[in-house]
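J.: The following block contains the structure, expressed as structure tokens.
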Amino acid sequence: MSDQIKSIVEKLNKEPFKKNYNLITFDSLESMQLLQLLNDVLGEIDPKHVVDIREEMPEQTAKRMLSLLGILKYKPPGSINDLSTFRQGLVIGSKPVIHPVLHWLLQRTNELKKRAYLARFLIKLEVPAEFLQDDTVADTNKQYEDLMEAFKSLHKECDQLKTSGFSTAEIRRDITAMEEEKDQLIKRVERLKKRVETVQNHQRMLEIARQLRVEKEREESLAQQKQEQKNQLFHAEQRLQRVQLQLKDMQHAVVDSKPESLMKRLEEEIKFNSYLCSEKFPRELESKKQSLYFLQKVVSEPAMGQSDLNELETKINEVNAQINQLIEKRMMKYEPIDSKFSMYRQQASIISRKKEAKAEELQAAKEEMSNMERQMLQKANQARELDGTEVLKGDEFKRYVNKLRSKNTFYKKKRQEIAEITAEYGILQRTEELLKQRHEAIQQQLQAIEDKKGISGYSYTQEELERVSAAKSEMDEMKGRTLDNMSEMVKKLNAMVADKKSSLAPIIKELRQLRQNCQLTQECDEKKVQYDSCAAGLESNRSTLEQEVKGLREECIQEESCYHHTNCMKKNLEIQLQRAKDEMKTYVSPDPQDRRKAIREQYTRMILEQENLGKKLREKQKAVRESHGPNMKQAKMWRDFEQLMECKRECFLKQQNQTSVGQVIQEGGEDRLVL
């Protein structure tokens with residue numbers, strides 16, 4: 001997860017985003033900021049998605065992002081199997097959902113740009129089959145599919161031309177165009193020379209212009225040297241900060257250290273540096289030189305075509321096959337001594353690779369530590385400049401960090417709860433608006449249908465029936481109350497029966513004695529058993545019958561609902577059929593006024609208007625393109641002419657000033673001669 005976040009931050013800090021994030025600032029982004037960042041990345045891929053998510057509903061944002069991710073063929077990770085969970089996380093800006101999406105998008109931005117561009121033209125519009133029965137719609141759909149196939153072929157040719165490089169014809173055209181421009185410039189310079197030769201002191205003016213150009217070039221070189229000096233000063237300051245940090249570390253290390261530990265540490269550093277200088281760096285330098293040699297060799301060779309590449313691939317496959325055969329022969333001739341040596345060589349190579357890996361890890365850790373120390377020093381200096389206080393250290397800083405983390409977690413939890421509540425509120429509010437609009441539309445449609453069918457007031461009658469059913473329910477409640485009264489009466493009767501039983505108890509005892517005397521008890525028991533068995537059978541039959549009645553009632557309710565649903569669908573189909581008949585009637589009608597009201601005629605007129613408008617705009621664009629070059633050339637000539645006239649005016653004014661001064665001097669000399 002940390003590698004993923006690090007990769008995301010590195011991509012966001014580069015062009016074209018330039019977010020200037022680090023791991024802490026990126027991890028502390030809120031849900032709305034994460035969603036806006038994801039929207040910015042999607043906007044870079046598809047410019048249609050450059051919007052501010054605060055100006056649209058969360059449901060619309062999620063729908064728009066999901067549609068684009070579906071076009072780009074993004075698959076959520078294995079931990080997010082449920083699409084509803086993924087959508088909910090996208091609505092609330094959940095980090096486990098946003099981070100994988102950002103990582104996936106930033107890893108393949110150029111490929112996704114191409115896919116989004118192609119999706120605008122290659123996603124086919126699904127036309128229902130009933131509309132394709134119309135000849136005009138079918139012809140238009142076929143033309144649309146042909147244009148899509150033509151676009152595919154043209155795009156493939158364009159990619160092939162881009163990858164093939166420049167053609168000789170284009171280079172020749174460019175050379176001829178540059179030669180023509182060169183001839184025009186030479187002619188223009190000659191004309192300007194002829195015009196300047198008529199001006200007095202033109203050599204001096206040319207010399208001054210040359211000196212001005214030299215001074216400008218010198219100024220540019222001095223500015224470049226100044227920038228280089230600034231860069232060197234910045235690097236020197238960074239070097240000074242690193243040296244100061246090293247000095248401080250050494251001072252801290254020397255305070256509580258012993259000579260033995262210092263010597264041991266220095267020996268370890270010497271071993272590590274000697275390993276770098278004697279083994280690692282020479283090996284890397286040799287590999288770099290070899291790769292540079294191969295690259296220079298590739299550059300010096302002429303450009304290869306597809307046939308040359310195929311030849312090289314076949315040669316490579318042959319050489320690989322020969323190498324495999326030689327390895328097999330060597331393994332067949334393997335000896336035990338060589339096997340021992342190979343085992344030792346293998347162990348040595350494994351140890352050397354581990355050593356190289358650990359050295360690289362140590363070097364990377366040292367570089368990271370130096371970078372973190374430099375950043376820490378910069379942050380400490382900034383904090384000291386802002387507040388004038390020292391930075392917290394040790395236990396105080398730990399306590400402050402723990403306190404800040406607890407507050408941050410509590411804050412994030414509350415912010416997440418608020419975001420979830422806000423998203424749910426927005427969804428419910430939007431659902432309520434949609435239901436209200438749907439209810440109003442259905443009511444209006446129902447009234448229109450009632451007026452059209454001649455049964456206006458049907459909904460009012462339905463409401464009256466509902467009120468009658470409500471009154472019936474009230475009557476049922478009253479019946480229930482009467483049943484309660486009857487149950488109370490039954491209770492009273494039971495109490496009276498119990499009293500009578502208590503009063504008849506001694507008589508029953510006497511009766512039992514009489515029955516015993518009459519020997520009728522055995523027959524009574526037999527009859528009672530028969531009665532109990534018959535009652536139990538009737539009770540079981542009654543329960544089965546009740547269950548059957550309950551199932552039949554549920555089936556009846558389901559059949560009624562299906563009947564009502566089918567009736568509504570039938571009415572909708574009748575309305576649609578009536579609309580189609582009206583449309584067909586207006587389209588076939590001989591009256592042109594009725595025919596203009598047909599939807600097909602309206603769309604046909606709109607298509608013709610748009611085609612005429614597009615034709616006029618293309619003609620206008622063509623005229624503008626044809627006249628753009630000459631107009632720009634004429635404007636440039638007028639500007640040159642204006643500069644030339646301005647130069648002539650200045651020269652004329654200077655000449656007048658010189659002649660007036662000469663006349664004054666001449667008149668003064670004549671006056672002296674007269675005197």
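Just so it is clear, none of the values below were taken in a lab; they were calculated from the coordinates. Since we're looking at a predicted model, the values are computed, not measured. Quick reminder, even Gly has a Cβ in these numbers, built from the backbone with ideal geometry, and neighbours come from all protein chains shown.
J.: Between 468, 90, 60, whose Cα lies farthest towards the positive end of the dipole of the chain when Lys and Arg beta carbons carry +1 and Asp and Glu beta carbons carry -1, centred on the Cα centre?
T.: Ranked along the dipole, the leading option is 90.
J.: List, in the order given, every pair from 182/230; 142/615; 18/48; 113/315; 479/509 whose Cα-Cα distance in the structure shown is over 32 Å. List each step's numbers first, then the result.
T.: On the way: 182/230 40 Å; 142/615 23 Å; 18/48 21 Å; 113/315 37 Å; 479/509 43 Å.
The pairs that break the limit, which is 32 Å between Cα atoms, are 182/230; 113/315; 479/509.
J.: Which of the pairs 453/581; 453/585; 11/114; 248/358 have their Cα atoms more than 21 Å apart in this structure? Working shown, then result.
T.: On the way: 453/581 16 Å; 453/585 19 Å; 11/114 19 Å; 248/358 27 Å.
Beyond 21 Å between Cα atoms: 248/358.
J.: Between their Cα atoms, which of 289/354; 162/297; 95/414 are more than 18 Å away from each other?
T.: Numbers: 289/354 24 Å; 162/297 25 Å; 95/414 15 Å.
As for pairs spanning more than 18 Å Cα to Cα, those are 289/354; 162/297.
J.: Oh, and also: What's log10 of I(q)/I(0) for the chain at q = 0.11 Å⁻¹, Debye sum over Cα points only, no solvent?
T.: Rounded to two decimals, the profile gives -1.57.
J.: Something else: Determine which lysines satisfy two conditions relative to residue 226: a Cα distance under 23 Å, and not lying fewer than 8 residues away in the same chain.
T.: Once the sequence-local lysines are set aside, what remains near residue 226 is 216.
J.: For the chain, what is the calculated [θ] at 222 nm in deg cm²/dmol (nearest 500), taking -39500 (n - 2.57) for each run of four or more DSSP H residues and dividing by its residue count? Before the final figure, lay out each step's value.
T.: Details: 20 runs with 587 residues, N = 675.
Taken over the chain, the calculation gives -31500 deg cm²/dmol.
J.: Could you sort the peptides 374-382, 29-37 by per-residue average Cβ neighbour count (10 Å cutoff), highest mean leading? Walk me through the numbers on the way to the answer.
T.: Numbers: 374-382: 12.2, 29-37: 17.9.
So the order, starting with the most tightly packed, is 29-37, 374-382.
J.: Still on this model: Just order 273-286, 101-114, 461-474 by mean Cβ neighbour count inside 10 Å, highest at the front, would you?
T.: Numbers: 273-286: 11.7, 101-114: 16.3, 461-474: 10.1.
Highest to lowest by the protection proxy: 101-114, 273-286, 461-474.
J.: Between residue 228 and residue 362, what FRET efficiency comes out of the Förster formula 1/(1 + (r/R0)^6) with R0 = 35 Å and r the beta carbon distance, rounded to 0.05? Intermediate results must be reported in sequence, preceding the final value.
T.: Working: r = 34 Å, r/R0 = 0.97.
In this case the efficiency is close to 0.55.
J.: What length, rounded to one decimal in nm, is gained on full extension from residue 416 through to residue 484, with 0.36 nm per residue of separation minus their alpha-carbon distance? Numbers along the way, then the final one.
T.: On the way: separation 68, 0.36 × 68 = 24.48 nm, distance 5.46 nm.
Additional length available on full extension: 19.0 nm.
J.: Follow-up question, since we're still on this one. Report the label-to-label distance for residue 492 and residue 111 in nanometres (one decimal), using points 7 Å from each Cα along the Cα→Cβ vector.
T.: Result for the modelled spin labels: 9.0 nm.
J.: With label points built 7 Å along Cα→Cβ from the Cα atoms of residue 157 and residue 443, find their separation and express it in nm.
T.: 6.1 nm
J.: Loop-only check: which trypsin sites (Lys or Arg not before Pro) in the range 1-69 are DSSP coil with at most 11 other Cβ within 10 angstrom? Can you show the working numbers first?
T.: Values: sites: 6, 11, 14, 18, 19, 48, 54, 63, 64; in loops: 14, 18, 19.
Qualifying residues, ordered by number: 14, 18.
J.: Compute the orientation-averaged projected area for the range 466-583 from the convex hull of its Cα atoms and round it to one decimal in nm².
T.: Numbers: hull surface 53.8 nm².
With every direction weighted equally, the projected area is 13.4 nm².
J.: Please state the shape class of the range 28-109: rounded when a/c is under 1.5, otherwise prolate if a/b exceeds b/c and oblate if not, all from the C-alpha gyration tensor. Before the final figure, lay out the partial values.
T.: Values: a/c = 1.34, a/b = 1.14, b/c = 1.18.
Judged from the Cα gyration tensor, the range 28-109 comes out rounded (a/c under 1.5).
J.: Next question. If each residue of separation counts as 0.36 nm, what is the full-extension length gain between residue 550 and residue 124 once their alpha-carbon separation is subtracted?
T.: Net length gain for the segment: 148.1 nm.
J.: Right, here's the next one. Multiply the residue gap between residue 17 and residue 566 by 0.36 nm, knock off their C-alpha separation, and tell me the result in nm, one decimal place. Write out the running numbers ahead of the final one.
T.: Numbers: separation 549, 0.36 × 549 = 197.64 nm, distance 5.65 nm.
Fully extending the segment from residue 17 to residue 566 adds 192.0 nm.
J.: Can you return the aspartates and glutamates within cross-link range of residue 413? Criterion is Cα-Cα under 20 Å, with same-chain partners fewer than 8 residues away left out.
T.: 27, 30, 424
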